[in-house]
1. Accessible area, 1.4 Å probe, largest first: how do Cys45, Cys38 sort?
2. Can you list the residues of the stretch 20-44 with backbone N under 20 Å from a point 7 Å past the Cα of Gln57, pointing along Cα to Cβ?
3. Over the chain, average the accessible area per residue using a 1.4 Å probe and give it in Å², no decimals.
4. Counting Lys +1, Arg +1, Asp -1, Glu -1, what net charge surrounds Glu49 among other residues with beta carbon under 14 Å of its beta carbon?
5. Suppose every K and R has +1 on its Cβ and every D and E has -1 on its Cβ; what is the size of the dipole of the chain about the Cα centre, in Debye to the nearest 20?
6. Which residue, Gly48, Gly56, Gly70, has the most motion in a Gaussian network model of the chain that connects Cα atoms within less than 10 Å?
7. With point charges of +1 on the Cβ of Lys and Arg and -1 on the Cβ of Asp and Glu, referenced to the Cα centre of the chain, which listed residue (Gly63, Ala23, Thr74) lies farthest in the positive direction of the dipole?
8. If you roll a 1.4 angstrom probe over the protein chains with everything in place, what fraction of the accessible area of the chain belongs to carbon and sulfur, to the nearest %?
Amino acid sequence: MVLRLGLVLLAVGVGLLGGGIIAYLTGAMTTADVSRDCRVLGGPCPSGEGETLRIGQSEELGGAASVVAGLILTVLGLGIGVRPKQL
């Protein structure tokens, strides 16, 4: 029973980790598409770039949070699943 819980945590953790990396990289590419003046100086932003910047930053933040959660669950899953068998 404990081994199954470890495997479930490991699977969910790896999924979150992979998805978080993809989301973070997608957000970084979206943010890179915004002009330097809008991205670094905070304005003036041509039409639509402000919304694009907000979406890209939101994707980066969500991806980073998913990576952290994935790492935690992966470590927990490995810790639970790698227990020595008692004789």
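1. Cys45, Cys38
2. Flagged as within label range: 23-44.
3. I get 69 Å² per residue for the chain.
4. Summing Lys and Arg as +1 and Asp and Glu as -1 gives 0.
5. It works out to roughly 640 debye.
6. Gly48
7. It is Thr74, whose Cα lies furthest towards the positive end.
8. With neighbouring chains kept in place, the figure for the chain is 70 percent.
The values are calculated or read from the model by the stated rules, or taken from the named source; none is laboratory data. Being a predicted model, the structure only gives us computed values, none of them experimental. In this analysis, Cβ positions are derived from the backbone assuming ideal geometry, glycine residues included, and neighbour counts consider all displayed protein chains. All accessible areas refer to the heavy atoms of the entire protein, side chains included, with ligands and DNA or RNA removed. Shrake-Rupley method; radii C 1.70, N 1.55, O 1.52, S 1.80 Å.
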